Amino acid sequence: MALIKSAALAAFLCLTQSSMVSAASPLTLIDGASGSIKQSSIPQSAVGSGGIVAVLTSPGTPSFFDETNDSNVSFHSYNGLSVITSPGATLSGSSLLSKGNGAAAAASVSASIIVSGITESDVEIGFDETRHGKTLTGIFKAKISSGDEEKVTLIITVPLEVDKEKIVADAKAIYESAKAEAESDVDFESLYDLSVEVVSSASDAERVMNVASEAASKSEVKSREIEQIYSNENSSAEASPSATAAMLACDESYSKNYKTARAKLTAWKSRTARGLTVDNFGTSAAQLIKRTMELYDRDTISAAGIAGSVASYRLSSRSKLEGRVENAIRELFQAQVENLEKSTLKKFNAMLLRKHGKDNEGKEAFYNDNASAVTSALFLCDAALDELEIPSLSLTKAKASQEMSSKVNTALLTFPDSPAAKLKDMKQVTKAVNKQKQPTERKVDLGLDLVAMVRPDGFGNLQGFGGYQLGGNNIIVGIHNDADSPDVIAQFGGKRPPFLRVQPKLKVDIEL
């Protein structure tokens, strides 16, 4: 009995250093080297009561779910848990295993499917364009052709945090291609419960295996026959050389034309990010879409004549290209509408601020005086929106015009109580309070002041003053009997002070 040491199955094998549990040797269903079928079906005795979990690996890529990286399609059973492992498809090789038939056969008998072996580069270049996309194509084609409508748990594992929604969208696009080829009308959600999980360690693999096994345990055991699906060429995702060349031409045209369109879109996004609008955006955008799709159709016209999966692939790529360009244009349209709304409201509020506090008296007068300004602002906005419209994408100005009208009228009604209006009112009050009163007339007034001092004999024991004012003229007369005082004589250089001293003063008052 061999011991199986798989990190992903650790919870089920309960392997420890001190005690080991023996399990049956893996049952080889399809030999990886020769591609021959060793067992056409899974023995009834080997299958537990629950459903089977399929673990699909990628040849040459290490997986936390299968340390041996077994190239065979093998069946394992551990304590009621049934697991079937199979290598996925490759981009080279002509064997049925390389085409993904082994993975399709394993998935057809399983209630839960785990797609592993996805690398970081696979995520970067696009999941639908890798070998894993080829593996899923085979799985979906086998599921649809079998007529089995029981819902299956599908888990796609990635090595790092990525845009999971994109991977889900890619998987659904692959299904739609297979669905179109099979002429089926069954939706993806009716057949698969899809999730994307990050697996970067053995513990992550154990967690995902627990989820898959729990989902499988709730399902009934499916048909154990794998030979028919494995041998069926319709389960293969492989195309003929001419079909492959046509599909590559579709991919090349898709990449080339999207890069050309993206260059134009990037220039528009740069302008929009600065708060501006693109001149004649509606006409230019419609022409960009038309030119992009015409170039794609011209490059891939040969693929349109190949029936089956090639034609469906071309239409799928065309739809994807058209969708990516249109989505970018829709985002640009919305961004420019927002820029236009902001600029219109900014100019309108600036105009209201200039007129506020001038001629209007009260709010009602303010509203009446600025009714024409509302009409003018909306007219200019509508004219700008006309250049943004793209009727072919249902991007019209109707909704934006209604919203703009509502916003402009609201701005007018609320402006008198806005912070900007109140601040201007406060500045005007402050200016009026601090304003100095100006003279009413110009004039020049003249005045004469006479100051006289009488100093008779004495020692300063008598002192008095008298004055008279007439208009702007003043006369002041003083008397002080200090002519004999030694201090006074000393001030005058030993001489007596003059008896009478008169000092005239001319005053000129000019008001301009």
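Could you check the stretch 261-276 and list, in sequence order, the residues that are open to solvent by 50 Å² or more (accessible area, probe 1.4 Å) and in contact with a helix residue (DSSP H, G or I) (Cβ under 7 Å, 6 or more places away or on another chain)?
Step one: of the stretch 261-276, the residues open to solvent by 50 Å² or more (accessible area, probe 1.4 Å) are 262-264, 266-267, 269-271, 273-274, 276.
Those that are open to solvent by 50 Å² or more (accessible area, probe 1.4 Å) and in contact with a helix residue (DSSP H, G or I) (Cβ under 7 Å, 6 or more places away or on another chain): Lys264, Lys269, Leu276.
Need pairs with beta-carbon distance below 6 Å; first residue polar (S, T, N, Q) and within the stretch 453-481, second surrounded by 11 or more Cβ atoms within 10 Å (Cβ to Cβ); sequence gap 6+ or separate chains.
These pairs meet every condition: Gln463/His480; Asn473/Gly447; Asn473/Leu448; Asn474/Asp449; Asn481/Pro456; Asn481/Gly458; Asn481/Leu462.
When you go through (1) surrounded by fewer than 16 Cβ atoms within 10 Å (Cβ to Cβ); (2) at pLDDT below 80 one by one for Glu165, which number turns out not to apply?
Unmet for Glu165, out of (1) surrounded by fewer than 16 Cβ atoms within 10 Å (Cβ to Cβ); (2) at pLDDT below 80: (2).
Which of the following residues is open to solvent by less than 60 Å² (accessible area, probe 1.4 Å), within 20 Å of Asp279 (Cα to Cα) and among the hydroxyl-bearing types (Ser, Thr, Tyr): Ser317, Ser343? Spell out the reasoning first.
Working: Ser317 fails: within 20 Å of Asp279 (Cα to Cα).
One residue alone meets the criteria, Ser343.
Only one of (1) open to solvent by 40 Å² or more (accessible area, probe 1.4 Å); (2) within 22 Å of Ala215 (Cα to Cα) fails for Leu136. Which number is that?
(1)
So which pairs qualify, if the first residue must be in the stretch 90-101 and more than 17 Å from Thr61 (Cα to Cα), the second must be open to solvent by less than 30 Å² (accessible area, probe 1.4 Å) and of a type in the set (Phe, Trp, Tyr), the Cβ gap must be under 9 Å, and the two must be at least 6 apart or on different chains?
Leu96/Tyr230; Asn101/Tyr230
Would you mind finding the one in Ser343, Ser316, Ser255 that is free of Cβ contacts under 8 Å to residues at least 40 places away in the same chain and either in contact with a strand residue (DSSP E or B) (Cβ under 9 Å, 6 or more places away or on another chain) or part of a helix (DSSP H, G or I) (or both)? Give the steps one after another, and end with the answer.
Details: Ser343 fails: free of Cβ contacts under 8 Å to residues at least 40 places away in the same chain; Ser316 fails: free of Cβ contacts under 8 Å to residues at least 40 places away in the same chain.
Step by step, each of Ser343, Ser316, Ser255 is checked, and only Ser255 is free of Cβ contacts under 8 Å to residues at least 40 places away in the same chain and either in contact with a strand residue (DSSP E or B) (Cβ under 9 Å, 6 or more places away or on another chain) or part of a helix (DSSP H, G or I) (or both).
Output yes when any residue across the stretch 268-283 is outside any helix (DSSP H, G or I), at pLDDT 80 or above and acidic (Asp, Glu), and no when none is. Before you say what the answer is, go through the steps one by one.
At the first step, the residues of the stretch 268-283 found to be outside any helix (DSSP H, G or I) are 274-280.
After this cut, where a residue has to be at pLDDT 80 or above as well, the list is 274-280.
Filter once more, so that each one left must be acidic (Asp, Glu): 279.
Checking the stretch 268-283: at least one residue is outside any helix (DSSP H, G or I), at pLDDT 80 or above and acidic (Asp, Glu).
Give all pairs with beta carbons closer than 6 Å in which a residue from the stretch 188-216 that is at negative phi meets a residue that is surrounded by 15 or more Cβ atoms within 10 Å (Cβ to Cβ) and among the polar types (S, T, N, Q); count only pairs at least 6 apart in sequence or on separate chains.
If the second residue must be surrounded by 15 or more Cβ atoms within 10 Å (Cβ to Cβ) and among the polar types (S, T, N, Q), the pairs left are Asp193/Thr153; Glu197/Thr157; Val199/Thr157; Ala212/Ser112; Ala215/Ser112; Ala215/Thr153; Ala216/Ser112.
Taking Tyr78 as meeting all but one of (1) under 43 Å from the mean Cα position of the chain (by Cα); (2) modelled with pLDDT under 70; (3) open to solvent by less than 20 Å² (accessible area, probe 1.4 Å), write down the number of the exception.
(1)
Give the residues of the stretch 183-236 that are more than 19 Å from Leu81 (Cα to Cα), part of a helix (DSSP H, G or I) and at pLDDT 85 or above, sorted by residue number.
Once the filter is applied, which keeps residues that are more than 19 Å from Leu81 (Cα to Cα), part of a helix (DSSP H, G or I) and at pLDDT 85 or above, the stretch 183-236 yields Phe188, Glu189, Ser190, Leu191.
Condition test on Ala89, is it outside any loop (DSSP other than H, G, I, E, B) and crowded, with 24+ Cβ neighbours inside 10 Å?
Values: outside any loop (DSSP other than H, G, I, E, B): no; crowded, with 24+ Cβ neighbours inside 10 Å: yes.
For Ala89, the condition - outside any loop (DSSP other than H, G, I, E, B) and crowded, with 24+ Cβ neighbours inside 10 Å - is not met.
The values are calculated or read from the model by the stated rules, or taken from the named source; none is laboratory data. Just so it is clear, the model here is predicted, and its values are computed rather than measured. Heads up, the Cβs are rebuilt from the backbone with ideal geometry, glycines too, and the neighbour counts pull from every protein chain shown. The accessibility values were calculated without ligands, DNA or RNA, using every heavy atom of the protein model including side chains. Shrake-Rupley method; radii C 1.70, N 1.55, O 1.52, S 1.80 Å.
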